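Only one structure is covered here, and it is reproduced in the block below.
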Amino acid sequence: MLCVGAGLAAGVLGGVGDRLTHRKPDAQPVPAAPPSFSVPSAIALNADRSGHFLADALVDGRSLRMMVDTGATACSFTEEAAARLGLVLTPRDFTRPVMTANGVVRVAPVRIGMIRIGPVTVRDVEAVVVPGGGLGTNLLGMSFLKRVRDFSIAGGTLTLRG
């Protein structure tokens, strides 16, 4: 390819360049399409009375309430939420020890196909399921947050940008 391009530039291929640039006499130049600018997706979440940011998430097609937790390494789900998501877990699945506010707990590592908060979508998200009542609410942790383009907190508003 590089040799052909060099040959055309030097005129070595005798008339091939003319044929490559030849147009039918009635052909009109087509104007270039205007550039398309994709607007980054974003959503603003307002803090609740206790300063927490709650989001209505779409998790693998099902609605779940989640609390944003930048201190959580992974997104975390209650067993009840896991069942709603169609995750079938047995006691043998709870293999990974993690440190929580309540001490060390064995959780079940899972992968979530898609989590969407408003227009912001992240696919193939690492998550864990916390057994029993060890988790009061589902957590939107860093396994989601580190994969968005940007997130920031200002004046009681958390903004996620996809």
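The values are calculated or read from the model by the stated rules, or taken from the named source; none is laboratory data. Just so it is clear, the structure is predicted and the values come from calculations on it, not from any experiment. Counting neighbours? That spans all protein chains shown, and the Cβs are built from the backbone with ideal geometry, glycine included.
Pairs meeting the criteria (first residue in the stretch 98-115 and surrounded by 13 or more Cβ atoms within 10 Å (Cβ to Cβ), second residue assigned to a strand (DSSP E or B) and hydroxyl-bearing (S, T, Y), beta carbons under 9 Å, at least 6 apart or on different chains) are V98/S76; T100/S76; V107/S76; V107/T100; M114/T121; I115/T121. The single condition among (1) closer than 17 Å to V110 by Cα; (2) aliphatic (A, V, I, L, M); (3) at pLDDT 95 or above that V148 does not meet is (1).
If the condition is being part of a helix (DSSP H, G or I) and touching a residue at least 40 places away in the same chain (Cβ under 8 Å), then the stretch 65-90 contributes E79, A81, A82.
Of the residues making up the stretch 129-145, those that are part of a loop (DSSP other than H, G, I, E, B) and either farther than 17 Å from T95 by Cβ or among the hydrophobic types (A, V, I, L, M, F, W, C) (or both) are G133, L135, G136, T137, G141.
The condition of being within 16 Å of I43 (Cβ to Cβ) and modelled with pLDDT of 95 or more holds for only one of A154, A127, that being A154. Among the residues of the stretch 42-64, those identified as closer than 14 Å to I153 by Cα, part of a strand (DSSP E or B) and not polar (S, T, N, Q) are A42, I43, A44, L45, A47, F53, L54. Taken as a whole, the condition of being out of contact with any Ser or Thr (no Cβ under 8 Å at 6 or more places or on another chain) and over 15 Å from A42 (Cα atoms) does not apply to I117.
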